[in-house]
Each structure stands twice: as C-alpha cells, then as structure tokens.
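Here the structure comes first, spelled out in structure tokens, and everything after it is commentary.
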Amino acid sequence: MINRIGIVGLGYVGLPLACAFASRSFKVTGLDTDLEKIELIKREEAPIYEEGLQDLLKKVLEEKSLKVTSSYKEMLEESDACFICVGTPSNPDGSVDLRYVKETIEMLGESYRRVDKYLLLVVRSTIPPGTTLNVIKKTLEEWSGKNIGEYGLCFNPEFLREGRALYDIFNPDRIIIGAIDEESGRILLDIYKRFHGISMPPVLITNPTNAELIKYVSNVFLATKISFINMISQLCQRIPNADVKVIAEGIGMDKRIGREFLNAGLGWGGSCFPKDVKAFLRFGEEIGLRLNLVESIIEINESQIENAVKLVEELVGRLDGKTISILGLAFKPGTDDVRESRSIRLVEELLKYNVEIKVHDPKALEKAKKILGDKVIYCRTIEECLTGSDLCILGTEWAEYKELRQETLKKYMRRPALLDCRRLYDPEEFREIKFSAIGLGPR
Ligand SMILES: NC(=O)c1ccc[n+]([C@@H]2O[C@H](COP(=O)([O-])OP(=O)(O)OC[C@H]3O[C@@H](n4cnc5c(N)ncnc54)[C@H](O)[C@@H]3O)[C@@H](O)[C@H]2O)c1
C-alpha cells in the first residue's frame, strides 16, 4: 500500500494536487526546480491564486503532511509513487516541447539508479500519443538502469479546470489510467480508492496511448463546442433580434447536446486548449492526416478577436484618440493565470490603434504586467478603470463585474458604452447607454 507520494512540478496542477493528497492522509513531498517557488511555499504562501489553495497549503504544511524540496534525491527517498506535473508548452511550430518532461525523467532516473525499491511513476502532464512508451519509459530505463516490473508506469491525464482546481481534484468526473502493466494500474487504482473513499468516481483503465489520446480528444472536443457556438454568435450578430445566449440555452436543453461549453465569447484561451489543439493538429500532420475540423476551430477562435474589434468600431466609431477600459485580464474567472488570455489578445489588437487602454482584474494584474508592460494603465478599482473612458469592454466574467450598473458607467465614463464580450449582462439593464455584446443581433 503506497502512502508516500512525490509530486514533481508545483504549478497550477501540481501544487493543488500535492495539497489535496496531503489533506487526505498521504505523506507528500513536492518538488520544483524553481527555487523562488519553493521558498514561497515554505513560507506558506501559495505562488498562484486558486480558490481555497492558500488555506489548504497552510494547513498541510503546518500538519507536516506536505513538505517541499528541490532535491530529487530527497523526494525519491521519501516517496513510493511519483506524480509528474511539469509543463508541456508549445514549440513555435505547434508541436509539444517535451524538454521539461525529459529533464525530469533524466534527473529522476539518475537518483533512482542508486535506490533499490519499487517506484510507481505517474505522468499527469499532457503528452502526445506514444510519449509514455517511446520517450518516458525509454528515458527512465536508460537513466535508472531498471526495467518495468522493478518500477511501474502510468499515464494518468489531468482534467481539472483552473479556478476550480481543488474542487475538481476532489470531485473528478472520471479517472483515466493508462497503465503500462497490470500491476502499475492496480497500484494507482488503490491510491485513488483511498483518496476518494466512498465517493470514488468511475474509472477507465487502458493502455498509455489511449489515455494520452483521451486527454487530447477531450480538450479538442470542448474547444470545438466553444468554436461552434462562437461561429453561431457571428451569425446571430447579423440577424435582427437573434441572441446566441438564448440559442445556447435552447439547444443546451437537449441532453444529447448539453449546455456546458456553449458560452459565446472571445474564444478559448488559457494554458491548455490553445496548445493542446495546436499539438493535436501537428500530431495529425505527423502521421499523415489533415484534421480539417481542428483547423477550422482554430480559425474561428482567431476570428473572434477581429469580431470583437468590429463590434468596438460599430459601438464607438473611429478608435483614434479613444480611451478604453478593459474589465478582466485572466484567461477566465477564478485564476490569476493569463497564459493565452483572450482578453489580453484583444488588448494587444486594440493597441494597434491610437487608443489609451486602462485595465482592471481582481487577481491577474501582476501577471498581466509581465506581458503588457507599460503599454496600458493598471487600475486598482473598477471605478478608477472607468474614469474618463469612451468604452468599457468586459473581457473576463469575474463575478464582481456582474454588479456593474449603467448608473456607474454614466457616472464615471466620458461617454458611457459597454461591450459585453462574455455575455454576463442583461442588455435590458443597459438600455440608456450604448450597449453591444458578442452574439447579439441588431435590435
Ligand atoms: N493548468 C491546467 O489547468 C491543466 C489542466 C490539465 C492538464 N494540465 C497539464 O499539466 C501540466 C502542468 O501544467 P501547469 O499549468 O501546472 O504548468 P505550470 O507551468 O504552472 O507548472 C509547471 C511546474 O513545473 C516546474 N518544473 C519544470 N521543470 C521541472 C523539473 N525538471 N523538475 C521539477 N519541476 C519542474 C516549473 O517550475 C513549474 O512550477 C501540463 O502538461 C499541462 O498541459 C494543465
């Protein structure tokens, strides 16, 4: 029975996972090569924003069920299963950069060579089909000198949503285990049975390649749903009285379709969909298959930014000399993550015109500064962001923006106008000012 778990890579996936295991009577050793991150965690400070994470981190560190280190040797001595959660970013051509995964397996293999025990390696990073068998297994065996049976290996995709990471770790829809052999699958299943207890979710055990594919296909499918409704949003904008939000509600009532992932907006962004969709397209090319539906969803996603700029121009006329307030920069509410944020993409597009841009976000300002630098004005409050502006654009649907009223816009803005890029608002409530929204037909 495995009780001691190592987590390698303490980012948006690894840190919540480490805290979650530690909170359910596992002894966890977290490892990251980013020393600044390790120092922050040691001081009980979560380096990222995720709901509930700061409190849980503090609790498990105080209880000593979680410790963190930057030493592979130390992590290995104190763990019998090791979960790999390092990043797998994109190469410029869209393929997956496996540098961090390889580096991790090499360092782990090197330390493991000197240790005589069974270790279960569980890969949670998103990796292209075939990587567990062709890269991870080979690299580990080369560096550790051990063979399957002496160690175990599973690819176990992570499906958590940023902003809901802890909730999703405690309540996943399903667990997919891509096991290299029966023993590896059995041991990982046993870990999850003890973690979830009576609320154990459904499990699918398969080979690593199928599990790797399931992760990509899930993300591509979800991105397809979003692009589909975004295509419909562009259609609705050309039809008097049409409203994509109502269409989504109506089709979503059909159980075969489902309401989720049918929110029209600026498109899919974040650390996963853009890179995973591109990687999938590349993967198809590499094996001689043109995935034309995937090409189309990328194209639609890109066109949502142009679509938003068009709406801006329709609403306020020439952009030259205008001041624009952007509410929300995180790629979605509930996180400070701005990787591939669509709102930031829109800001960058608008900056091509001679405009002044003021921005606000409850959590992501610091991270946004690293991308936007001094090209925009950062505001601490919504009111400050609105002051003297000609247009307010809702870029990320944080709950606190829902409270925005037309009176506030009238009070602070030079010329009150609102563009709802996330369909947060009821158009009726903004009747007295200029109002437009993605997917809303002329009225
Ligand atoms: N973020 C998500 O919502 C999400 C959801 C599902 C799957 N995933 C996948 O999970 C993986 C991790 O994503 P993330 O968002 O947590 O990434 P991240 O960039 O937030 O975190 C990765 C961490 O790994 C560390 N790291 C890099 N190389 C290392 C090494 N050799 N040894 C130890 N640590 C190392 C980095 O310092 C960083 O802290 C990716 O493959 C991603 O596609 C992410």
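The values are calculated or read from the model by the stated rules, or taken from the named source; none is laboratory data. What you are looking at is a predicted structure, and each value in this text was computed from that prediction instead of being measured. Because the Cβ atoms are built from the backbone with ideal geometry, glycine has one as well, and the counts that use them run over all protein chains shown. Accessible surface areas use protein heavy atoms only, side chains included; no ligands, DNA or RNA. Shrake-Rupley method; radii C 1.70, N 1.55, O 1.52, S 1.80 Å.
Things to note:
- Check on residue 221, in a helix (DSSP H, G or I) and without any contact (Cβ under 8 Å) to a residue 12 or more places away in the chain: yes
- Positions within segment 326-348 being of a type in the set (Lys, Arg) and either touching a Cys at 6+ places or on another chain (Cβ under 8 Å) or within 16 Å of the ligand (Cβ to nearest atom) (or both), in sequence order: 332, 339, 342
- One residue from 334, 373 being open to solvent by 10 Å² or more (accessible area, probe 1.4 Å), free of Cβ contacts under 8 Å to residues at least 60 places away in the same chain and either among the basic types (Lys, Arg) or on the phi > 0 side of the Ramachandran plot (or both): 373
- Here 37, 58 are screened, and the one residue that is more than 30 Å from residue 283 (Cβ to Cβ), assigned to a helix (DSSP H, G or I) and more than 12 Å from the ligand (Cβ to nearest atom) is 58.
- Residue selected from segment 1-12 under the condition within 20 Å of the chain's Cα centre (by Cα) and either crowded, with 23+ Cβ neighbours inside 10 Å or aromatic (Phe, Trp, Tyr) (or both), by the criterion farthest from the ligand (Cβ to nearest atom): 7
- Any chance residue 137 is more than 11 Å from the ligand (Cβ to nearest atom), open to solvent by less than 20 Å² (accessible area, probe 1.4 Å), among the basic types (Lys, Arg) and modelled with pLDDT of 95 or more: no
- Selection from segment 72-99 of residues that are in contact with a strand residue (DSSP E or B) (Cβ under 9 Å, 6 or more places away or on another chain) and either away from the ligand (no atom under 14 Å from the Cβ) or among the hydroxyl-bearing types (Ser, Thr, Tyr) (or both): 72, 77, 78, 79, 80, 81, 88, 90
- Filtered residues of segment 351-376 (kept if closer than 25 Å to residue 163 by Cβ and not basic (Lys, Arg)): 357, 359, 360, 361, 362, 364, 365, 366, 368, 371, 372, 376
- A residue that is open to solvent by 40 Å² or more (accessible area, probe 1.4 Å) and either modelled with pLDDT under 95 or in contact with an Asp or Glu (Cβ under 6 Å, 6 or more places away or on another chain) (or both) can be found somewhere in segment 54-75.
- Meets criteria (among the aliphatic types (A, V, I, L, M), more than 19 Å from the chain's Cα centre (by Cα) and surrounded by fewer than 17 Cβ atoms within 10 Å (Cβ to Cβ)) for residue 122: no
- Condition check for residue 15: more than 19 Å from the chain's Cα centre (by Cα) and of a type in the set (A, V, I, L, M): no
- In segment 145-167, the qualifying residues are those that are hydrophobic (A, V, I, L, M, F, W, C) and open to solvent by 20 Å² or more (accessible area, probe 1.4 Å), and the one that is nearest to residue 131 (Cα to Cα) is 148.
- Residue in segment 308-318 that is in a loop (DSSP other than H, G, I, E, B) and open to solvent by less than 40 Å² (accessible area, probe 1.4 Å) present: yes
- Some residue of segment 407-418 being under 24 Å from the mean Cα position of the chain (by Cα) and outside any helix (DSSP H, G or I): no
- A count restricted to segment 271-296 and to residues that are aliphatic (A, V, I, L, M), farther than 21 Å from residue 338 by Cα, surrounded by 13 or more Cβ atoms within 10 Å (Cβ to Cβ) and touching a residue at least 40 places away in the same chain (Cβ under 8 Å) stands at 2.
- Residue 115 being within 15 Å of the ligand (Cβ to nearest atom), in contact (Cβ under 8 Å) with a residue 24 or more places away in the chain and not small (Gly, Ala, Ser): no
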